[in-house]
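S.K.: Starting off with a structure, shown below.
Bear in mind these aren't lab numbers, they're just calculated from the coordinates by the rules spelled out. Source: prediction; values computed, not measured. No Cβ is skipped: glycine too gets one built from the backbone with ideal geometry, and neighbour counts run over all protein chains shown.
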Amino acid sequence: MNALSNEVSKEQLIADFNVVIADAEALLKATANQGGEKLAEVRAKAEESLRVVKARMLDAQEALVLKTKAAAKATDVYVHENPWNAVGVAAGLGLLIGFLIGRR
């Protein structure tokens, strides 16, 4: 369950960073007409930072997809190699969930 929550946290982190990147790009576009050497320098630095962050986020997304596919493949292989174990686990979880729902 901890691995699943970590994956969800990573997905949420990626989504949050994408929002931050979009907001930063909008801010840079909004200040594009503002003058001043110092502002232009800060804008250029921010644009470079955004490019770096975007590249890292794409790498993180690709890594997350690869890990998810690997986990799905490992689960598929395990279920095919041990079908009765998988059926037993599924039945046990079904009973547990049914018991918990029935108590409400």
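S.K.: Identify which of the listed values of Kirkwood radius over Cα pairs in Å was calculated from the structure shown: [x] 13.9; [y] 18.0; [z] 22.3.
M.R.: Matching entry in [x] 13.9; [y] 18.0; [z] 22.3: [y].
S.K.: To the nearest 500 deg cm²/dmol, what mean residue ellipticity at 222 nm is calculated for the chain from DSSP H runs of n ≥ 4 alone, each contributing -39,500 (n - 2.57), summed and divided by the residues?
M.R.: Values: 3 runs with 94 residues, N = 104.
The helix-only estimate for the chain comes to -33000 deg cm²/dmol at 222 nm.
S.K.: By its C-alpha gyration tensor, with a ≥ b ≥ c as the square roots of the eigenvalues, how is segment 57-104 shaped: rounded for a/c under 1.5, else prolate for a/b larger than b/c, else oblate? Working shown, then result.
M.R.: On the way: a/c = 8.34, a/b = 1.67, b/c = 5.00.
In terms of gyration-tensor shape, oblate.
S.K.: Within segment 45-76, list the residues whose amide N lies under 18 Å from a label point set 7 Å along Cα→Cβ of Asp16.
M.R.: Once the point is set 7 Å along Cα→Cβ of Asp16, 53-54, 56-58, 60-61, 64 turn out to lie under 18 Å by backbone N, inside segment 45-76.
S.K.: Which angle between 0 and 90 degrees, to the nearest 10, do you get for helix 83-102 versus the longest principal axis of the chain when only C-alpha atoms count?
M.R.: 80 degrees
S.K.: Taking only Cα atoms, what is the 0 to 90° angle, nearest 10, from helix 37-81's long axis to the longest principal axis of the chain?
M.R.: 10 degrees
S.K.: What FRET efficiency, computed as 1/(1 + (r/R0)^6) with R0 = 35 Å and r the Cβ-Cβ distance, is obtained for Ala32 and Lys67, rounded to the nearest 0.05?
M.R.: Step by step, r from the Cβ atoms, then E = 0.35.
S.K.: In terms of Cα to Cα distance under 20 Å, which lysines are near enough to Lys38, apart from those fewer than 8 places away along the same chain?
M.R.: Lys29
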